[in-house]
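Notes to accompany the following structure.
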């Protein structure tokens, strides 16, 4: 996993785990090997959760872009095999996304350059997204005569609304970082040269927060789209009750009453 030539690199900086896409020669285009490595890296982060595990995950890309989408050459080499190749890649990517969805920590995407196809879907699936000012977003799928994967049809309408999501998916126009911020595709835009530092600062801030409360927040938000009001109220009650039994809640209350900054331990 830490081989410099591996298609995905997993590393740890303090309480922050970093998953870096690592096929820079092809703008991190997604093939079966990278999809499998991404799935395995996500699983490794999930398996290490808890005492001593990371408290925030960053998704980033090495080289000149985050991800230029699927490796289209894989479909051109043998057109008859294209459905099977696509299925293999998509199944692995979707396994990775299911793991990310269940994580009990914030997931932060850090994107630059091309953010296309599956790369855009992956960025949209994260909880927060920081973009360099050189980032360019496009769904790209319809341009190839196909439909989105990677949860793009789930996350994109929730971020920008159904009408705008359809515009992005049908027309495949490129959206620059400033427009992505206006649309709500990203949370922050920073100079390209400052992307890593700004990402690290935000990730460290999240990693120093009340991790179990953050887990509850992300799960409540994600389930709210399919839950009834009664179901959501019950879920909120249960989540608050669980948080109230944690050391971080006791620390938060004590710090509030003492008018000092809390020091959370993630438990």
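The values are calculated or read from the model by the stated rules, or taken from the named source; none is laboratory data. In this text the structure is predicted, and so the values were computed from the model without any measurement. A quick note on method: Cβ atoms are made from the backbone with ideal geometry, for glycine too, and the neighbour counts reach across all protein chains shown.
At-a-glance table
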{"read-out": "Leading residue by the ranking (surrounded by the fewest Cβ atoms within 10 Å (Cβ to Cβ)) among those in the range 52-75 that are in contact with a strand residue (DSSP E or B) (Cβ under 7 Å, 6 or more places away or on another chain) and in a loop (DSSP other than H, G, I, E, B)", "value": "62"}
{"read-out": "Search result, residues across the range 124-140 that are farther than 25 Å from residue 210 by Cβ, outside any loop (DSSP other than H, G, I, E, B) and touching a residue at least 40 places away in the same chain (Cβ under 8 Å)", "value": "124, 131, 132, 136, 137"}
{"read-out": "Members of the range 233-261 found to be surrounded by 15 or more Cβ atoms within 10 Å (Cβ to Cβ) and either in contact with a strand residue (DSSP E or B) (Cβ under 6 Å, 6 or more places away or on another chain) or part of a helix (DSSP H, G or I) (or both), listed by number", "value": "235, 239, 243, 248, 249, 251, 252"}
{"read-out": "Flag for residue 203 being assigned by TED's automatic domain parsing to the domain that holds residue 56, under 26 Å from residue 59 (Cα atoms), part of a helix (DSSP H, G or I) and under 26 Å from the mean Cα position of the chain (by Cα)", "value": "yes"}
{"read-out": "Selected residue [in the same structural domain as residue 39 (by TED's automatic domain parsing) and at pLDDT below 95] from 85, 130, 111, 115", "value": "85"}
{"read-out": "Residues of the range 143-177 classified as assigned to a helix (DSSP H, G or I) and over 17 Å from residue 66 (Cβ atoms), total", "value": "16"}
{"read-out": "Sole exception among (1) in contact with a helix residue (DSSP H, G or I) (Cβ under 8 Å, 6 or more places away or on another chain); (2) over 22 Å from residue 138 (Cβ atoms) for residue 52, by number", "value": "(1)"}
{"read-out": "Odd one out for residue 209, checked against (1) over 22 Å from residue 100 (Cβ atoms); (2) outside any helix (DSSP H, G or I)", "value": "(1)"}
{"read-out": "Qualifying residue in the range 158-166 (condition: over 15 Å from residue 127 (Cα atoms), surrounded by fewer than 12 Cβ atoms within 10 Å (Cβ to Cβ) and at pLDDT 95 or above)", "value": "yes"}
{"read-out": "Count of the range 98-117 residues which are in a helix (DSSP H, G or I) and in contact with a helix residue (DSSP H, G or I) (Cβ under 6 Å, 6 or more places away or on another chain)", "value": "2"}
{"read-out": "Condition broken by residue 103, with the remaining ones in (1) buried (at least 19 other Cβ atoms within 10 Å of the Cβ); (2) more than 24 Å from residue 86 (Cα to Cα); (3) more than 16 Å from the chain's Cα centre (by Cα) satisfied", "value": "(3)"}
{"read-out": "Verdict on residue 224 being more than 16 Å from residue 127 (Cα to Cα) and free of Cβ contacts under 8 Å to residues at least 24 places away in the same chain", "value": "no"}
{"read-out": "Members of the range 155-164 that are within 24 Å of residue 87 (Cα to Cα) and without any contact (Cβ under 8 Å) to a residue 24 or more places away in the chain", "value": "157"}
{"read-out": "The one condition in (1) under 18 Å from residue 102 (Cα atoms); (2) part of a strand (DSSP E or B) that residue 189 fails to fulfil", "value": "(1)"}
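Residue by residue, here is whether (1) in a helix (DSSP H, G or I); (2) modelled with pLDDT under 95; (3) over 18 Å from the mean Cα position of the chain (by Cα); (4) farther than 28 Å from residue 186 by Cβ holds:
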residue: 20; (1), (2), (3), (4): no, no, no, no
residue: 40; (1), (2), (3), (4): yes, no, no, no
residue: 50; (1), (2), (3), (4): no, yes, yes, yes
residue: 96; (1), (2), (3), (4): yes, no, no, no
